[in-house]
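Quick notes on the structure that follows.
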Amino acid sequence: MSAELETSEGLDEPEKKISGVPEKENHTRMADLSELLKEGTKESHDRAENTQFVKDFLKGNIRKELFKLATTALYFTYSALEEEIDRNKDHPAFAPLYFPTELHRKKALIRDMEYLYGEHWEEQAQCSEATRKYVERIHEVGQNEPELLVAHAYTRYMGDLSGGQVLKKVAQRALKLLSTGPPCLHPRPNCHLR
């Protein structure tokens, strides 16, 4: 993470001096941004948590077809988001948050799509109307108001990845998925991908 956005906890004095930002200011900036985003998305988060799909999901009532549709929506969403993030990686509002190695999900979602749909998944997977509208909005923001990508990135990465840890365990049990990822699709018994 960039020195400007990290809190300086865990850093020794030389590291704090290198960052060029006083420890208290560092901590305040991160706390302010995360608190503002948390508060600003609270109502939407509460609504999302209380949809019938999420309630059923948490109970383990997951139909594979709905799981495929949700994964497909995430694939198209992250593809658009990461395209715009890459395009705007040097924008002053977004540059401090650019961590493609740590955050980008598209490659993992491609593996999920291959597992769920099979080898020719791209011919079968279709973007829903709601996802298409969201993808268009992400592109519009990325091209016209890149600073707003921060909110989209926060929602997707923080929301999906932290909340996703709970949903992952439920999906693994309900859909009988391996805990280390999808099973190897190669027929060889000693495949290195197992």
Between ILE138, ILE110, which is more than 29 Å from GLU39 (Cα to Cα) and β-branched (Val, Ile, Thr)? ILE110
Cβ-Cβ under 9 Å pairs, at least 6 apart or on other chains, the stretch 87-112 side within 16 Å of TYR154 (Cβ to Cβ) and touching a residue at least 60 places away in the same chain (Cβ under 8 Å), far side of a type in the set (A, V, I, L, M, F, W, C) and part of a loop (DSSP other than H, G, I, E, B): ASN88/PHE94; PRO96/MET1; PRO96/ALA3; PRO96/LEU5; LEU97/MET1; LEU97/LEU5; PHE99/MET1
Can you find even one residue in the stretch 124-132 that is of a type in the set (Lys, Arg) and either in contact (Cβ under 8 Å) with a residue 24 or more places away in the chain or in contact with a Pro (Cβ under 9 Å, 6 or more places away or on another chain) (or both)? yes
Give LYS68, LYS59 a once-over and let me know the one that is in contact with a Leu (Cβ under 9 Å, 6 or more places away or on another chain), under 19 Å from LEU177 (Cα atoms) and modelled with pLDDT under 95. LYS68
Taking the stretch 88-108 and keeping only residues that are assigned to a helix (DSSP H, G or I) and surrounded by 14 or more Cβ atoms within 10 Å (Cβ to Cβ), one is left with PRO96, LEU97, LEU103, LYS106
Restrict the check to the stretch 71-83 and report whether at least one residue is in contact (Cβ under 8 Å) with a residue 60 or more places away in the chain, on the phi < 0 side of the Ramachandran plot, open to solvent by less than 50 Å² (accessible area, probe 1.4 Å) and of a type in the set (D, E, K, R). no
What number of residues within the stretch 71-95 are of a type in the set (S, T, N, Q) and modelled with pLDDT under 95? 1
Find the residue count for the stretch 133-158, including only residues that are basic (Lys, Arg) and in contact (Cβ under 8 Å) with a residue 12 or more places away in the chain. 1
Being open to solvent by 70 Å² or more (accessible area, probe 1.4 Å) and under 12 Å from GLU82 (Cβ atoms): is that true of ARG111 here? no
In this structure, does ILE85 turn out to be assigned to a helix (DSSP H, G or I) and of a type outside the set (Asp, Glu)? yes
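Rundown of residues vs (1) open to solvent by 50 Å² or more (accessible area, probe 1.4 Å); (2) at pLDDT below 85; (3) out of contact with any strand residue (DSSP E or B) (no Cβ under 9 Å at 6 or more places or on another chain), yes/no style:
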site: GLU119; (1), (2), (3): yes, no, yes
site: ALA130; (1), (2), (3): yes, no, yes
site: LYS133; (1), (2), (3): yes, no, yes
site: LEU149; (1), (2), (3): no, no, yes
site: ASP160; (1), (2), (3): no, yes, yes
site: ARG173; (1), (2), (3): yes, no, yes
Complete set of residues in the stretch 47-62 that are open to solvent by less than 60 Å² (accessible area, probe 1.4 Å) and either of a type outside the set (Val, Ile, Thr) or in a helix (DSSP H, G or I) (or both): ALA48, VAL54, ASP56, PHE57, GLY60
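The values are calculated or read from the model by the stated rules, or taken from the named source; none is laboratory data. Note that this is a predicted model, so its numbers are computed, not measured. Neighbour counts run over all protein chains shown; Cβ positions are idealised from the backbone, glycine included. Surface accessibility is based on the protein's heavy atoms, side chains included, excluding ligands, DNA and RNA. Shrake-Rupley method; radii C 1.70, N 1.55, O 1.52, S 1.80 Å.
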